[in-house]
Amino acid sequence: IPWRYLWTSNVLLRKSVFLQTPFDERFVGYGYEDAEWGIRLRKRYKILQIDNAVSHLGLVSKKTAYQKMRDSIMNYVLLAKLHPEVFKESNIYNIVKWLVFLNNPLLEIIDTVLRKMFFLIHSNKLCFLIFQLNKTVLLVKLIKSSNGH
């Protein structure tokens, strides 16, 4: 799924392609503008991915990464609204379908527990899973609040 792994910190493309497919100005703040851009790019162009990893080399603290995730939720909702067919392909969508049945106080508790776990656990793989689950809980909270629940 090329769009899911397209980050503008590590991309090469023709200027004409960029001019024909600009970023969506509705994305404000941190997150997902490059994923949304990648979705639109893949509809018009072939995306070739190579093994050319990007790393912050530990320069971004766990606290900063976590806060960026929380700050990006509004943009994630926008991404899901603009491309519902793509959102339905995601693992997060499958979890959202179940979590929307939980009440808001329980979602708050889950959010708090996951936040604490994220900062206590040192295993990167487990932290990543907790991070993704916490992002999903935040997404559900936002969806429910925007629907008046």
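This table checks each residue for (1) loosely packed, with under 13 Cβ neighbours inside 10 Å; (2) part of a helix (DSSP H, G or I).
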{"residue": "K81", "(1), (2)": "yes, yes"}
{"residue": "E85", "(1), (2)": "yes, yes"}
{"residue": "H122", "(1), (2)": "yes, no"}
{"residue": "L139", "(1), (2)": "no, yes"}
{"residue": "L142", "(1), (2)": "no, yes"}
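Which condition from (1) open to solvent by less than 60 Å² (accessible area, probe 1.4 Å); (2) in a helix (DSSP H, G or I) is the one that G31 breaks?
(2)
Would you point out the residue of region 34-79, among those that are in a loop (DSSP other than H, G, I, E, B) and among the polar types (S, T, N, Q), that is modelled with the highest pLDDT? Don't jump to the end; show me each part of the working.
Just the residues of region 34-79 that are in a loop (DSSP other than H, G, I, E, B), to begin with: 45-61, 72.
From what's left, among the polar types (S, T, N, Q): 49, 52, 55, 61, 72.
On the way: Q49: 78, N52: 72, S55: 67, S61: 88, S72: 93.
Once the filter is applied, the top-ranked residue is S72.
Residue check, E25 against (1) assigned to a loop (DSSP other than H, G, I, E, B); (2) open to solvent by less than 90 Å² (accessible area, probe 1.4 Å); (3) farther than 16 Å from Y76 by Cβ; (4) at pLDDT 80 or above, all met but one. Which one?
(2)
Select from region 33-86 the residues that are in contact (Cβ under 8 Å) with a residue 40 or more places away in the chain and of a type in the set (K, R) and list them in ascending order.
Within region 33-86, R42, K62, K63, R70 qualify.
Working only within region 1-17, note down all residues that are among the hydrophobic types (A, V, I, L, M, F, W, C) and either modelled with pLDDT under 90 or under 19 Å from L78 (Cβ atoms) (or both).
If the condition is that a residue be among the hydrophobic types (A, V, I, L, M, F, W, C) and either modelled with pLDDT under 90 or under 19 Å from L78 (Cβ atoms) (or both), then I1, W3, L6, W7, V11, L12, L13 are the ones that fit.
The values are calculated or read from the model by the stated rules, or taken from the named source; none is laboratory data. Here the structure is a predicted model, which means the values were calculated and not measured. Note that each Cβ is placed from the backbone with ideal geometry, even for glycine, and that neighbours are counted across all protein chains shown. Note: accessible area is taken over every heavy atom of the protein model, side chains too, but ligands, DNA and RNA are not part of it. Shrake-Rupley method; radii C 1.70, N 1.55, O 1.52, S 1.80 Å.
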